[in-house]
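Chemist: First, the structure itself, so that you have it in front of you.
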Amino acid sequence: MKIVGIETHVCNARMRNWIFVKVVTDQPGLHGWGEATLEWHTRSVIGAIEDLSSLLIGEDPTRIEHLWQMMYRQHFWHGNGIVRGTAISGIDLALWDILGKVHGVPCHKLWGGPVRDYVRLYSHLGGGKMEEFYETSPADASRFADLALASVADGFTAFKTMAVPETGPLEGLKPIRYAEKCVAAMREAVGDEIDIMVDCHARPSPRMGMLFAKALEPYGLYWFEEPCWPEAVDDIAAIQRAVGTPIATGERLVSQHQVREYLEKRACSVIQTDITHVGGLSEARRVAAMCEAYRVAMAPHNPQGPVSTAASLEFGFATPCYIICESVHLDVPWRQDVCTECFEVENKGRLVRPGTRPGLGIEINEAEVAKHPFEQELPQRSFYADGSVGDW
Ligand SMILES: [Mg+2]
């Protein structure tokens, strides 16, 4: 069996251009689907996939580890940057999809079978509608509470919010009080049974991140995410030592080598590897093995399209330290239309159970994808009050 083509199919979903990767074989009807979505870098990833294709055309698609080693190590430059890491990931996912189809089993069976009965999904506040998640004013605590109740009404038992405002390197009490007010309003609205996560998007400086983490400690967050830049691993570790709240980070880390330092320094309690950036399912499984050794949980970053979610779910069914799957469901109204086959989400509790469809269990409707061609992503620029550049 040989790989005869690697195609990219771009589907504009407002905030992101989903990049679906199709690896085509010489066996009639046998192909695999992956995803390599990297918002604001769509053209770069498509180019990187084209560059990698020259290594893979004519090769046996079932030699996944061998091909992964080629993609990561050949051509001198290692695949540990975000663009090439994403390109490798998209292809790697498609290769696992093919291998499952060859053997007629879902991917989680290839990795030793299911270790749990279901995976729980969590939502973004607003279900992934970008205005609600990214642009709800931190001053509007009651809006946070309303959206939190809407998530619970949708069946979710966990949701994530961006209740921490953009702040300069050092600011006074005002942003801290805002964040406290928003989180208090959500906790009061939904009670103690529901898990609330707060994502800082690495907006704060290390010191502001520490102040936010301490202020929000009484509200029992399920986790507190990216309290400062991922480059500042010692500062993240200091924040984790200062609070009992689990600190989550890792969505921007590419390759097991970047994750290792976080584990060695006991910097966090949750690693949020993104399967579509880290180096695919092959590399995510190596990260998982390290997390198991440190008894650190995994909750992959997954705000992208449906193939990314399918891969994250298959990974979760077979990975003991996996705790929950990120999901968005209201980003575009036609989200379900781009799949002809997909995972099924139970409304009550938003649970997904292991299925029997081979590979990643998902099939992309190319005609539907073609209705949403590439568009430049909506610009997201961030400036502080004085006009200096901030972090979105
Ligand atoms: Mg995040």
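Chemist: For the range 109-357, what does the alpha-carbon gyration tensor say about shape, rounded, prolate or oblate, given a ≥ b ≥ c as the root eigenvalues, a/c under 1.5 as rounded, and a/b over b/c as prolate?
Modeler: Numbers: a/c = 1.87, a/b = 1.20, b/c = 1.57.
Cα axes put the range 109-357 in the oblate bin.
Chemist: Note down the relative contact order for the chain as a percent, whole number, built from C-alpha pairs under 8 angstrom at least six residues apart. Provide the component values of the computation, followed by the final result.
Modeler: Details: 895 pairs, mean separation 83.9, N = 392.
RCO, the chain: 21 percent.
Chemist: Largest first, please: the extent of the C-alpha atoms of the range 159-207 along each principal axis, to the nearest Å.
Modeler: The principal-axis extents, from largest down, are 34, 19, 13 Å.
Chemist: Would you order VAL119, VAL83 from fewest to most other beta-carbon atoms within 10 Å of each residue's own beta-carbon? It would help to have the intermediate numbers written out before the result.
Modeler: Details: VAL119 25, VAL83 18.
Ascending number of Cβ neighbours within 10 Å: VAL83, VAL119.
Chemist: Roughly how many nanometres apart are two label points built 7 Å out from the Cα toward the Cβ at PHE383 and GLU231?
Modeler: Placing both labels 7 Å along Cα→Cβ, they lie 2.2 nm apart.
Chemist: Mind checking which helices in the chain clear 27 Å along their axis (Cα) and have mean Kyte-Doolittle hydropathy of 0.5 or more, DSSP H runs only? Don't skip to the answer; put the middle values down first.
Modeler: Details: long enough: 82-103 (31 Å, 0.87).
Those that pass (Cα extent of 27 Å or more, hydropathy at least 0.5) are 82-103.
Chemist: With unit charges on the beta carbon (Lys/Arg positive, Asp/Glu negative), name the residue among GLY280, HIS201, GLY47 whose Cα is farthest towards the positive pole of the charge dipole of the chain.
Modeler: Working it through, the farthest residue towards the positive pole turns out to be GLY280.
Chemist: If you don't mind, another one. For the pairs LYS160/LYS265; LYS101/LYS160; LYS101/LYS371; LYS22/LYS348, flag any whose C-alpha to C-alpha distance is greater than 31 Å.
Modeler: Numbers: LYS160/LYS265 26 Å; LYS101/LYS160 34 Å; LYS101/LYS371 28 Å; LYS22/LYS348 33 Å.
The pairs that break the limit, which is 31 Å between Cα atoms, are LYS101/LYS160; LYS22/LYS348.
Chemist: Right, something else. Give the shape of the range 52-203 as rounded, prolate or oblate, defined through the alpha-carbon gyration tensor: a ≥ b ≥ c are the square roots of its eigenvalues, a/c under 1.5 means rounded, and otherwise the shape is prolate if a/b is larger than b/c and oblate if not. Intermediate values should be presented prior to the final figure.
Modeler: Values: a/c = 3.70, a/b = 1.86, b/c = 1.99.
Because a/c hits 1.5 or more and a/b fails to exceed b/c, the range 52-203 counts as oblate.
Chemist: Using a Cα-Cα cut-off of under 19 Å, which aspartates and glutamates could be cross-linked to LYS174, ignoring same-chain neighbours fewer than 8 residues away?
Modeler: Filter leaves GLU135, ASP140, GLU166, ASP199, GLU217, ASP386, ASP391.
Chemist: Antiparallel versus total DSSP beta bridges in the chain: what percent is that, nearest 5?
Modeler: Values: 21 of 41 bridges.
Around 50 percent antiparallel, to the nearest 5.
Chemist: Could you point to the residue in GLN376, PHE343, VAL389 farthest towards the positive end of the range 314-392's charge dipole, with +1 and -1 charges on the Cβ of Lys/Arg and Asp/Glu respectively?
Modeler: PHE343
Chemist: Right, something else. Do the sum for the chain: with -39,500 (n - 2.57) for every DSSP H run of n ≥ 4, divided by all residues, what is the mean residue ellipticity at 222 nm, to the nearest 500 deg cm²/dmol?
Modeler: Values: 13 runs with 148 residues, N = 392.
Mean residue ellipticity, 222 nm, calculated: -11500 deg cm²/dmol.
Chemist: Using a/c under 1.5 as the rounded threshold, could you call the range 3-105 rounded, prolate or oblate? The axes a ≥ b ≥ c are square roots of the C-alpha gyration tensor eigenvalues, and prolate needs a/b larger than b/c, oblate otherwise.
Modeler: Details: a/c = 1.95, a/b = 1.23, b/c = 1.59.
Oblate shape, in that a/c is at least 1.5 and b/c is the bigger or equal ratio.
Chemist: Taking the range 269-325, which trypsin sites (Lys or Arg not before Pro) meet the DSSP loop condition and have no more than 13 other C-beta atoms within 10 Å?
Modeler: The qualifying sites are ARG295.
Chemist: Right, here's the next one. In percent, how large is the relative contact order of the range 3-105, given Cα pairs closer than 8 Å and 6 or more residues apart?
Modeler: Numbers: 180 pairs, mean separation 32.8, N = 103.
Relative contact order comes out at 32 percent.
Chemist: Taking the Cα centre of the range 109-357 as origin and charging only Cβ (+1 Lys, Arg; -1 Asp, Glu), how large is the dipole, in debye to the nearest 20?
Modeler: On the way: 26 positive and 34 negative charges, 116 e Å.
Using Cβ point charges on Lys, Arg, Asp and Glu, the range 109-357 gives about 560 debye.
A short reminder: the numbers here are calculations on the coordinates, not readings from a lab. Every value quoted in this text rests on a predicted model; they were computed, and no experiment measured them. Note: ideal-geometry Cβ built from the backbone for every residue, glycine included; neighbour counts use all protein chains shown.
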